[in-house]
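These notes are about the structure you will find just below.
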2 protein chains.
Amino acid sequence: MAAIEAVLNTIDANLDASRERLFDLLRIPSVSTDPAYNAQCLRAANWLKDQLTGLGYAAEVRETPGHPIVVGHAKAKRKDAPHVLFYGHYDVQPADPLELWETEPFAPRLTEGADGKDIVARGASDDKGQLMTFVEACRAFEANGGLPCNVTFLFEGEEETGSPSLPGFLAAHKDELSAPDLALVCDTSMWNASTPAITVMLRGLALEEVIIKGPSHDLHSGMFGGPVLNPIHVLAKIIADLHDIEGKVTLPGFYASVPEIPDDIAEQWRAIDFNEAKWLSEIGLTRVGGETGRGIIEQIWARPTCDVNGIIGGYTGAGSKTVLPAQASAKFSFRLVGKQDAKAILESFRSFVRERLPTDAKAEFISHGASNALQLPFGSEALNRARRALAEEWDKEPVLAGCGGSIPIVGSFKRDLNMDSLMIGFAHDDDRIHSPNEKYSYTSFHKGARSWARVLHALAAA
Amino acid sequence: MAAIEAVLNTIDANLDASRERLFDLLRIPSVSTDPAYNAQCLRAANWLKDQLTGLGYAAEVRETPGHPIVVGHAKAKRKDAPHVLFYGHYDVQPADPLELWETEPFAPRLTEGADGKDIVARGASDDKGQLMTFVEACRAFEANGGLPCNVTFLFEGEEETGSPSLPGFLAAHKDELSAPDLALVCDTSMWNASTPAITVMLRGLALEEVIIKGPSHDLHSGMFGGPVLNPIHVLAKIIADLHDIEGKVTLPGFYASVPEIPDDIAEQWRAIDFNEAKWLSEIGLTRVGGETGRGIIEQIWARPTCDVNGIIGGYTGAGSKTVLPAQASAKFSFRLVGKQDAKAILESFRSFVRERLPTDAKAEFISHGASNALQLPFGSEALNRARRALAEEWDKEPVLAGCGGSIPIVGSFKRDLNMDSLMIGFAHDDDRIHSPNEKYSYTSFHKGARSWARVLHALAAA
């Protein structure tokens, strides 16, 4: 194995060439949502395939019902090296509105930004710049005797349109793709410009709609109001009962599989630079809601929720109508963490609702999906190695972050290929992804490549 | 004053002629909602004016922005006689769907019905047949020496379209119309085919919409769910808090001005022929809801309510959307009884809502109107006299009924002319008003006229 210092030196020495390659990729307007750019998506796929074959890897552009997927395979020098899969996407959002761009969106350039130089172009941060940090790390290894890990590359072209072809592709190529020990995903952010982050937990999500039915038809509230069951009242009582005065969800057993965060992680989260008041003020609030005594970071990354995302019943137009509605409905969502079982939560929820139905009220349920939380165990060896690698590169302990929402590809890797994902990315929160003048920190690009080199090296260490 | 027996005998002797006059009126298709029938509405108004002038009364057809209003004035023999206003309407609903009528809707005929002979035609029951019972009673008095009361006649032609011109007309002719001691309204039903009813109480109505606002904009429930206030939850808690476990409304002071029904009335309601199970089954229910221990009749006629008539917030389309909404709203209505003050109730409600707003939640209120309950006092002399008069005619004590909803004209009389209304009508619940094959019991027509003769006689008695 090459001494890691030699690999890092190679990255440093070839940074201008690396940037030119990224600029080449950024010049391809691979907008996935607009069929007018179909040929450009294919062009980007071929460009990536050529990069991989140029490094001596086996790589192909594979057809899908939508945009093609690039698959590559690279062998490590060592026979018993670990095997990882690296995921990225080559498609980008449309550049509109064009008039808000300071320069052409597909004519990449370097500018001076708040945190040093930035690369400005559509896709610079999401996800071409990030993707190329990994490719350039691999290139540096090849210049120094070869890769420390076996690597499977998976570059898709439909991430910005919901990855419709990917699940089918994973299922069809399960054997080819699922060999790896770990998926590496480079589509997330740093904590801030000087602090790296590893996203280790994604909350799960269970979605259930409830329709409460009462009288057989809408009734006049004057002629019938009083002795007649009102489904809106029944539904409101159920919603009100779902949280206690401390903001905790009251479903029996809801917190049984919710772990408290380890002390060192909790300590890290308390210490990180996060301004609760600023976060709240940006959404028009002043006080942390939810579970009493728990902060914003902890709640969003590591605590489960129950929220009503929509409710409707009776007359909702302008003015008034004196109607007693025959039904009312609400859409509930549960964000899940730890070992909470989405199916069991929904079963518990349905019982909770049924127990609160007065005589003559009926409940119908419509499921809109259920997935458990995903978590890379805090103590896992791969995570520890990645932490140390990033700490060495950035001279700062990386934040072990959660993500309140789901990242579909990570769920697919777990569900379809039974792979955990290590999510490391170097984007900044102000990268304006999906917006005009998208940018990617040149430091992120440079130190991102160095970070991946260190991570691959660390994963393969004896 | 004519001996009442002579007046009743005249009604009996002239029943065929009375019916022919009603048939003449029923032949006029005075459909108020369809401009194609404007001339027919005017024709009906003129026909009624001619009836009144034919009896020697001063009567005019008065123009309004819509269909004309007929106003007549009849003097009693006695100088100190009471002065009443009689209200009815000459307009009718459209006859559609025509194909469901067994005979022409505007070709009245007598048929054999379940409770004896019926008069079948559009408007037979609502309201031409009812209106003519009063006119025929007056005619019989004129054949026997004159009216026992001064009578002002008010026949409108827009009842079926919401009486848009009436409030303005009442305001413009307040002095002319407000002299009377009492309004007599003949647009209600009997309790059943053999039991008369006087409607003595109408519930009031206060309508208030509440908008609960939380975050400044809709948020992603994954990225923000947990520490963020959910306005739907706040609204649901308010709705849930509005009723206690006994089904009582929890607004402070809500029941302070709600009288218990007098024992004799409560006894009468318990004794009347009313099938709770049947009433419930017709609306798909099996159990009396609302206030524990109170029956349907009592609740609808004499108890106040709080109902949510509509609620909306967040995403309400198909499927799911992981949104934390910025706001949620609900339309509340309060049915009021006794001396409950609608404005005070709404003030109390707004305080109730505000007290339940967590930090950062805001409430906006939109009023959609407020009117107090209307009640003819149970012990009033006019009511006692009318009760006795009806009991003599029908050989049964009339049911003193309530009405859960409002009757706008009665509210207008109270509000604009400061007049109580005595609501006596002879319709049956199965008269198919507004539907094909509308009918009016011939017995109702005959005994209705006799009833009004007895009521006028009783009101004028020393």
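The values are calculated or read from the model by the stated rules, or taken from the named source; none is laboratory data. Computed from a predicted structure; not experimentally measured. All Cβ positions, even for glycine, are placed from backbone atoms using ideal geometry, and neighbour counts span all protein chains on display. Calculation scope for accessible area: heavy atoms of the full protein, side chains included, ligands and nucleic acids excluded. Shrake-Rupley method; radii C 1.70, N 1.55, O 1.52, S 1.80 Å.
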Quiz prompt | Subset tally (residues that are part of a loop (DSSP other than H, G, I, E, B), within 25 Å of A:LYS321 (Cβ to Cβ) and either of a type in the set (Asp, Glu) or under 13 Å from the mean Cα position of the chain (by Cα) (or both)) for segment B:406-436 | solution = 3
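If you scan segment B:115-142, which residues turn out to be more than 26 Å from the chain's Cα centre (by Cα) and on the phi < 0 side of the Ramachandran plot?
Within segment B:115-142, the first condition is being more than 26 Å from the chain's Cα centre (by Cα), and the residues that meet it are B:116-117, B:139-142.
Of everything in segment B:115-142, those that are more than 26 Å from the chain's Cα centre (by Cα) and on the phi < 0 side of the Ramachandran plot turn out to be B:LYS117, B:ARG139, B:ALA140, B:PHE141, B:GLU142.
If you check A:SER320, A:SER333, which single one turns out to be assigned by TED's automatic domain parsing to the domain that holds A:VAL249, assigned to a loop (DSSP other than H, G, I, E, B), buried (at least 18 other Cβ atoms within 10 Å of the Cβ) and not β-branched (Val, Ile, Thr)?
Step by step, each of A:SER320, A:SER333 is checked, and only A:SER320 is assigned by TED's automatic domain parsing to the domain that holds A:VAL249, assigned to a loop (DSSP other than H, G, I, E, B), buried (at least 18 other Cβ atoms within 10 Å of the Cβ) and not β-branched (Val, Ile, Thr).
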Practice problem: Would you mind stating whether A:ILE4 is closer than 22 Å to A:PRO148 by Cα, touching a helix residue (DSSP H, G or I) at 6+ places or on another chain (Cβ under 6 Å) and surrounded by 22 or more Cβ atoms within 10 Å (Cβ to Cβ)? | Solution: no
Quiz prompt | Pick from segment A:442-462, criterion over 15 Å from A:ALA391 (Cα atoms) and of a type in the set (Ser, Thr, Tyr), ranking: surrounded by the most Cβ atoms within 10 Å (Cβ to Cβ) | solution = A:TYR442
Quiz item: Out of curiosity, is B:ILE312 open to solvent by 20 Å² or more (accessible area, probe 1.4 Å), part of a strand (DSSP E or B) and hydrophobic (A, V, I, L, M, F, W, C)?
Solution: yes
Self-check item: Of all residues in segment A:394-441 being open to solvent by 30 Å² or more (accessible area, probe 1.4 Å) and among the hydroxyl-bearing types (Ser, Thr, Tyr), the one that is nearest to A:ASP273 (Cα to Cα)
Solution: A:SER406
Quiz prompt | Members of segment B:23-81 that are of a type in the set (Ser, Thr, Tyr) and under 18 Å from B:PRO105 (Cβ atoms) | solution = B:SER30, B:SER32, B:THR33, B:TYR37
Exercise. Would you mention how many residues in segment B:319-350 are more than 14 Å from chain A (Cβ to nearest Cβ), among the polar types (S, T, N, Q) and without any contact (Cβ under 8 Å) to a residue 12 or more places away in the chain?
Key: 0
Quiz item: Only one of these conditions is not met by B:PHE365: (1) crowded, with 20+ Cβ neighbours inside 10 Å; (2) under 29 Å from B:PHE332 (Cα atoms); (3) hydrophobic (A, V, I, L, M, F, W, C). Which number is it?
Solution: (1)
Quiz prompt | The one condition in (1) among the polar types (S, T, N, Q); (2) open to solvent by 40 Å² or more (accessible area, probe 1.4 Å); (3) at the interface with chain A (Cβ under 7 Å from one of its Cβ atoms) that B:SER194 fails to fulfil | solution = (3)
Quiz item: If A:PHE352 passes every condition in (1) touching a helix residue (DSSP H, G or I) at 6+ places or on another chain (Cβ under 9 Å); (2) closer than 30 Å to A:ASP273 by Cβ but one, which one does it miss?
Solution: (2)
Exercise. For segment A:153-165, state whether one or more residues are among the β-branched types (Val, Ile, Thr) and either within 14 Å of another protein chain (Cβ to nearest Cβ) or closer than 30 Å to A:ASP360 by Cβ (or both).
Key: no
Quiz item: So which residues in segment A:205-232 are crowded, with 23+ Cβ neighbours inside 10 Å and more than 10 Å from every other protein chain (Cβ to nearest Cβ), if there are any at all?
Solution: A:ALA206, A:ILE212
Quiz item: Residue check, B:PRO167 against (1) crowded, with 24+ Cβ neighbours inside 10 Å; (2) assigned to a helix (DSSP H, G or I), all met but one. Which one?
Solution: (1)
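Any residue at all in segment A:105-119 that's touching a Phe, Trp or Tyr at 6+ places or on another chain (Cβ under 8 Å) and open to solvent by less than 10 Å² (accessible area, probe 1.4 Å)?
Within segment A:105-119, the subset touching a Phe, Trp or Tyr at 6+ places or on another chain (Cβ under 8 Å) is A:108, A:110, A:116-119.
Now restrict to residues that are open to solvent by less than 10 Å² (accessible area, probe 1.4 Å): A:119.
Yes, because at least one residue in segment A:105-119 is touching a Phe, Trp or Tyr at 6+ places or on another chain (Cβ under 8 Å) and open to solvent by less than 10 Å² (accessible area, probe 1.4 Å).
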Practice problem: Output the residues belonging to segment A:368-383 that are open to solvent by 40 Å² or more (accessible area, probe 1.4 Å), outside any loop (DSSP other than H, G, I, E, B) and either among the aliphatic types (A, V, I, L, M) or over 20 Å from A:ARG415 (Cα atoms) (or both). | Solution: A:ALA370, A:GLU381
Exercise. Please enumerate the residues belonging to segment B:9-22 that are surrounded by 23 or more Cβ atoms within 10 Å (Cβ to Cβ) and more than 20 Å from B:ALA107 (Cβ to Cβ).
Key: B:ILE11
